Amino acid sequence: MSEKSKVIFGNVMSDKIYKKALNSKKKFAKKFGDDSNCNYPVMVTENQYIGELLGVKNIEVLKEGEDTGASIPFDNEKGLIVGNIRMGFGHYRISMAMASCAKHLGYTPYWMDLNSYKHTTCTKVISAQNDLYSLGSRLSKNPIFNKLVWEPTNYEGFRALSYNAADQKNAELMAPVYKNVPKDIPVIATHVWPAQAAIHAGMKHVVNAIPDNWPMALHLSEGSVHTIQCRNAYMGYRILNGMNKKTVCQPMPQEDLVYTGHYIDHELVANIEADCQARIDRRKNGKPMRFLLTIGGAGAQKEIFAAIIKFLLPYIEKKQAALYVNVGDYKQVWEDLKNEIPEMKNHIQEHLGDFADTEKFAEEALDPATEVTGIHGFWHGNIFEAVYCTNLLMRSCDVLVTKPSELAFYPVPKLFIKRVGKHEMWGAIHSAEVGDGTLECRDIPHTVQMLTQFLTTPLLDEMCENIVENKKTGLYDGAYKVVELAMQMKDSAKGGKN
């Protein structure tokens, strides 16, 4: 295998950059060990949380010598691996979209979370970096840290080819988890590390589903096919724009880069017309406007949530607005909100830790005869349920209130609150351009202004109409296309034979 830290898509890295990449790997190996010679057994098990909903089965990487007798056999014909990590909620959410579309298209999606094998060097390296990223997200509430450290790191630091050189070296420590996974099963990676690790491990058909709309070398995994959600990002990746400062980069080979559109779950895409019409009808008939507030995996938006709730309380009392508040797996955020805003307690209905209750509520809320009022709080201790809760509630909500992360691409009217990392601002820009979301509201007064626009003008109707039109162009078909691409890679390698 070629040395991926020395030359990146034909762009030669300096000896200094390469040495730094080597030192990065050595540092992690010294701290967490190098298990390259380990032979970890793998087994397939049922996913007890979203297995029935999305057809997902788990790939578990066991300790050496552990028995795999109870393993479900791999489906070597229709199987497809969704490789991911938990870093915030975004990569899990994109993975769920891939699994949903894979199931709909008749394939068997396998869930492989490289951050869940605690005995491996792979997980130890990822967890350490995940902890650092989460800390940075929380510290970004400090304006000085945000301006001097966090935004430059997320915007220009991760953009550099030198960063990718180090990541490629670190990913060599992640490859052992794939050792006993059948090499011919396609891999869709929703974070670059599962893609890089898969390539280093010799997986034959790897799709690297890039999440962001700001082109960064962080997301490069040479040897895989890179898929892109937005035309703007496609052009940036094609020429590796700005990834080596002012030097003009060698471009990516055209066959390594594919524009697909947004990565969205089948259940959401299939119901776009009906759900948008229901939103328009509710507004026309004077029903409470339903706002879904969803907190990200770093748990960094509590203060903004509190301000939104305080503003909406008079509208909730008059049954002009209703709230869904999903705090993910951050139960303390919900408790803090209740303590900080005692006035909301008279309006609260809690759905805490009971996913069956959440599913029932989400289904009933789709019924035109159901009038949702008050404030509904949702919390789930399991990461699958915490993330998928938002997907379930999204169909019946009128406005999704979120930072412009991966949710910026979903087919629901969106109000964007302040970003966490400058790279996220491009998600809001793209959404505003296609007409299904607002500009990024970077402070409370602008957030309140936009809430007022939704409550007092036909803005909601306009966004719904745009979403329906966008669907006609295939804008939200990205996950279907990624799945089809992954399976086509396998079929092409076999000469097109099924």
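The values are calculated or read from the model by the stated rules, or taken from the named source; none is laboratory data. Please read these numbers as outputs of a predicted model, since none were measured by experiment. No Cβ is skipped: glycine too gets one built from the backbone with ideal geometry, and neighbour counts run over all protein chains shown. Note: accessible area is taken over every heavy atom of the protein model, side chains too, but ligands, DNA and RNA are not part of it. Shrake-Rupley method; radii C 1.70, N 1.55, O 1.52, S 1.80 Å.
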Notebook entry, point to check: So how many residues does segment 230-251 have that are open to solvent by 10 Å² or more (accessible area, probe 1.4 Å), in contact (Cβ under 8 Å) with a residue 60 or more places away in the chain and part of a loop (DSSP other than H, G, I, E, B)?
Noted result: 4
Next item on the list: Return a yes/no flag: does segment 420-436 have any residue that is at negative phi, open to solvent by 30 Å² or more (accessible area, probe 1.4 Å) and not in a helix (DSSP H, G or I).
Entry: no
Check: What is the number of the single condition among (1) touching a residue at least 60 places away in the same chain (Cβ under 8 Å); (2) open to solvent by 10 Å² or more (accessible area, probe 1.4 Å); (3) over 21 Å from residue 26 (Cα atoms); (4) in a helix (DSSP H, G or I) that residue 154 does not meet?
Finding: (2)
Check: Considering segment 139-151 alone, what residues qualify as being under 27 Å from residue 19 (Cα atoms) and open to solvent by 50 Å² or more (accessible area, probe 1.4 Å)?
Finding: 148, 149
Check: What's the number of the condition residue 79 fails, among (1) open to solvent by 10 Å² or more (accessible area, probe 1.4 Å); (2) in contact (Cβ under 8 Å) with a residue 60 or more places away in the chain; (3) touching a Ser or Thr at 6+ places or on another chain (Cβ under 6 Å)?
Finding: (1)
Note to self: For segment 408-419, check the following and say yes or no: at least one residue is surrounded by fewer than 23 Cβ atoms within 10 Å (Cβ to Cβ), touching a Cys at 6+ places or on another chain (Cβ under 6 Å) and not in a strand (DSSP E or B).
What the structure shows: no
Check: Within segment 122-141, can one find any residue that is closer than 19 Å to residue 44 by Cβ, at pLDDT 95 or above, not acidic (Asp, Glu) and not in a loop (DSSP other than H, G, I, E, B)?
Finding: yes
Check: If you take the residues of segment 9-52 that are assigned to a strand (DSSP E or B) and farther than 22 Å from residue 113 by Cβ, which of them is most open to solvent (accessible area, probe 1.4 Å)?
Finding: 12
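For (1) out of contact with any strand residue (DSSP E or B) (no Cβ under 7 Å at 6 or more places or on another chain); (2) closer than 28 Å to residue 200 by Cβ, each residue gets a yes or a no:
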| position | (1), (2) |
| --- | --- |
| 103 | no, no |
| 110 | no, yes |
| 113 | no, yes |
| 116 | yes, yes |
| 120 | no, yes |
| 134 | yes, yes |
| 145 | yes, no |
| 153 | yes, yes |
| 172 | yes, yes |
Check: In segment 362-385, how many are crowded, with 24+ Cβ neighbours inside 10 Å and of a type outside the set (Phe, Trp, Tyr)?
Finding: 1
Notebook entry, point to check: Could you list, in sequence order, the residues of segment 314-330 that are open to solvent by 10 Å² or more (accessible area, probe 1.4 Å) and farther than 17 Å from residue 391 by Cβ?
Noted result: 314, 315, 317, 318, 319, 320, 330
Checklist line | Residues (more than 19 Å from residue 90 (Cα to Cα) and surrounded by fewer than 17 Cβ atoms within 10 Å (Cβ to Cβ)) located in segment 122-138 | finding: none
Check: Does segment 461-496 hold any residues that are open to solvent by less than 20 Å² (accessible area, probe 1.4 Å), modelled with pLDDT under 95 and of a type in the set (A, V, I, L, M), and which are they?
Finding: none
